[in-house]
Amino acid sequence: MKTGKRESGGAGKRRSGAADDQEQRSVGQLIDRLAELSWKPWGPRKDYGEDFHVQIWDGGESTGLSFYVQLKSVRDAEQRKGQRTPDTLKYRLDAKDLRHWEKQTQLVVLVIWDVEMRRGYWETVPRILEALEKKGKGWRKKETVTVEVPAAHGTDAEGMRRLRWAVADHSLALVAGRVRDEEMTGTIRFTDKVTYEAFREALDRGNEVTFEGLGVPQIQMPEWHRRMYGDRPPATRVRITPTTRVVSLNVRVEVRARNVTASIPGIELKPTKQGRKHLTLTNEHQGRTITFIAVGNEDADGSFTFRMSRFGKTIQEAREAAAFFFAANQPGSRLRVVDERTGQTILDQPLPSLPADPVAEGLHDTLEKLAFLEPYIKGIDSIHLDQGITHDEMMRIAVLYEACRNGRVQMRKRLSFMVSPDADALPDRANPDVVQHLDGCKMNLLGVEIPLGRVKEVVQEPDRVVTAVRDALARARATGKPVPLHIDDVSLVAEFLDWPPPHDRLYDIASAQSGYFTLAQALEAGFTSADQLQIEERVESYGGGNVFRLVQFPPTNEHEDLVVTWLLTDKKAVFSHDTALALHELSDILPARQHITLPPGYQMPEGVELGPQVAIYHGTVDPSEITWMGPVPFTKPYRTLLDCIEDHLSPDLLDQALAQARTRGMISRAEAQALQAVRAKSA
């Protein structure tokens, strides 16, 4: 307990006789006030921790409620009320004391006692902490903090009733948990039929209902509850909130139409309303692009509806939502809801026929194009779709998509330039080429500046442009000054010289790999799928459709199968052991299988299997130990022989290989000696 002005930092200082006298008077006055209420204090204790432990009694019986008191003695309670906040008193406390009280399992109540006025003011520590936390976490790092105590929380009769209720509220959950089920029942008596019907409807539909004024029902609580709260006056406002019994439901929502299917997994439906006859579940809490709402009624048919909540932060989110709505707008579409835990179909129903939505179709097409462009844009910057996509951005996406897919775009635009008096006259021959070369072109797309490089624009209606230029040139020469020229809505073809089409990019990739390439490389080059690749290019597939060969690159030697294996490992394999020995033409070995070494811990790409015709080793191969045959990497002679020794190759083949390697100068004398030493150790 602290007194007077010594609110903080008082520990360690010697108390004066006056301070001790004030403390003793405060203790006595508080005990007298508690005795008037028949509340029983235990204490006081020494001034560390809490000063009193108080039991609340009523009518000669214990209510089972108790709390700790931390008493602070003052002489100036009225002066502690601020001019701006006269309804609160301010008091400075050591922060470490608050942190100590916070850890107490039983309620701690701070009492500011005015020894001159013979009355006090109280506040519970949890409410004090809640008020401090709302202002931020910084108070925990301070030595002292100023707390506020409501002036309405006095030690008069009304204030002490409120204190009892506060202690009861704090203890309610603990006491209720110990009460038997049969003792939990309360009774609600309604004043009229209208109020009762409103309550029944709220129960049926799972709504929250509030009663005020004359319509407030009488609530009779169990005996243990009345013992805790005492003579609490009848409520003037009652709010009844139903609780939910269904926890959640994890589902996948699908839309199927004739030529399109869309699916959104991971939807968690949680109840927002649950009554005796009504249940509403929604995934609104997930913050997904689409909000789903399931409604069940005992007296009517249920429903399952959905709406767009937001556009989507990422391309994938927006694309998923657009595909879903696009499918839902197709004729004959059906909605299916599947329980992800059991795989059971919960709902399967037709969707109502809707008129064609060109906006939804256009957005779906735009997002598909944007998904195709994403790998290019990611190399520059990340894009955000929080604000959606405007019509102008849709047009720019279409232009950039065509630039990536074909290297050229047909468009209409306004041409603007200055015509100088000394400009050369255009030739008189019919249909002259009108070409504009642009360097360092850029495009702003969804907040990302994308460099387009060199662009060549070829006008498709030269007569119109030539006529306009000649007229402008005549005016410029007549005035001797440059003339601005603007020609609206000109049809032209823009060739993006630094953006070769997918075919050209794929050809460059395949030509460095004996004509072979992976599906991933084709997608990187600009193709959207294996189907499109096989439609637009003449290819043959290998390795289960994961590797392809352009047919204009015919097989040139017996080692083409090594290229396929190398590509299947995402170019991580190095051919070694028996295969490398054969590639070096050392010994008479004829490997029945391909032998490759992969990096330690390497996992094959999903869905790719090499099969039993490939022997796999894991280890580190330094770049200095690798040589190449076309696109295929394999180990150099010394590393190859070392691997074969450690793998216990046939002695006859090893003798032959070592002798040939030394004779041909493929290994030095020192290396040959080192290999023989390793061989002797492993024998």
Cα-Cα over 28 Å: which of LYS313/LYS413; LYS141/LYS313; LYS72/LYS135; LYS442/LYS572? LYS313/LYS413; LYS141/LYS313; LYS442/LYS572
Which shape class, rounded, prolate or oblate, goes with the range 381-428 when its Cα gyration tensor gives a ≥ b ≥ c as root eigenvalues, a/c under 1.5 marks rounded, and past that a/b bigger than b/c marks prolate? prolate
In whole Hz and in residue order, list the ³J(HN,Hα) couplings for the range 509-518 that follow from phi through the Karplus curve 6.51 cos²θ - 1.76 cosθ + 1.60, θ = phi - 60°; x for Gly and Pro. 5, 5, 5, 8, 10, 6, x, 9, 6, 9
How big, on average over all directions, is the shadow cast by the Cα convex hull of the range 258-413, in nm²? 12.2
More than 27 Å apart: what percent of Cα pairs in the range 52-190 qualify? 29
Checked the range 547-601 with the C-alpha gyration tensor, a ≥ b ≥ c its square-rooted eigenvalues, rounded below a/c of 1.5, otherwise prolate if a/b is larger than b/c and oblate if not; verdict oblate
For the range 531-629, which chymotrypsin sites (Phe, Trp or Tyr not before Pro) are in a loop by DSSP, counting at most 16 other Cβ atoms within 10 Å? TYR602
Averaging sequence separations of C-alpha pairs under 8 Å and six or more residues apart, then dividing by the length of the chain, give the relative contact order as a whole percent. 6
Could you tell me how many degrees, from 0 to 90 and to the nearest 10, lie between the Cα long axis of helix 315-328 and the main elongation axis, the longest principal axis, of the Cα atoms of the chain? 90
Ordering of 323-330, 53-60 by burial proxy (mean other Cβ atoms within 10 Å per residue, highest first): 323-330, 53-60
Rounded to a whole number of µm²/s, how large is the Stokes-Einstein D of the range 606-679 at 20 °C and 1.002 mPa s, given Rh as the Kirkwood radius over C-alpha pairs? 153
If you wrap a convex hull around the C-alpha atoms of the range 532-578 and split its volume per residue, what is the figure in Å³? 85
Go ahead and estimate [θ] at 222 nm for the chain from helices alone: -39,500 (n - 2.57) per DSSP H run with n ≥ 4, summed, over the residue count, rounded to 500. -10500 deg cm²/dmol
Here the range 268-280 yields Karplus 3J(HN,Hα) values (6.51, -1.76, 1.60; θ = phi - 60°; whole Hz; Gly and Pro given as x) of 9, 8, 10, x, 10, 9, 8, x, 5, 10, 9, 9, 10
Does the range 297-337 come out rounded, prolate or oblate, given a ≥ b ≥ c as the square roots of the eigenvalues of its C-alpha gyration tensor, rounded meaning a/c under 1.5 and, failing that, prolate meaning a/b above b/c? oblate
Regarding the range 428-540, what are the three Cα extents along the principal axes, ordered largest first, in Å? 65, 38, 24
Rounded to the nearest whole number, the per residue volume of the convex hull around the C-alpha atoms of the range 572-635 in Å³ is 90
Beyond 37 Å, what share of the Cα-Cα pairs of the chain remains, rounded to the nearest whole percent? 69
In order through the range 283-296: 3J(HN,Hα) via Karplus (6.51 cos²θ - 1.76 cosθ + 1.60), integer Hz, x for Gly, Pro: 9, 4, 5, 6, x, 6, 5, 10, 9, 9, 10, 10, 10, x
For the range 483-541, state what percent of all Cα-Cα pairs lands in each successive 5 Å bin, counting from 0 Å until the bin that includes the largest distance. 4, 15, 23, 17, 10, 8, 6, 5, 5, 4, 2, 0
Report the Stokes-Einstein translational diffusion coefficient (µm² s⁻¹, integer) for the range 98-167, Rh taken as the Kirkwood radius over Cα pairs, at 37 °C with viscosity 0.692 mPa s. 249
Sequence-distant aspartates and glutamates (8 or more away, or on other chains) whose Cα lies within less than 15 Å of LYS137: GLU102
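Values in this text are rule-based calculations from the coordinates and carry no lab data. Keep in mind the model is a prediction, meaning the values are calculated, not measured. Reconstructed Cβ throughout: ideal geometry from the backbone, glycine too, with neighbour counts over all protein chains shown.
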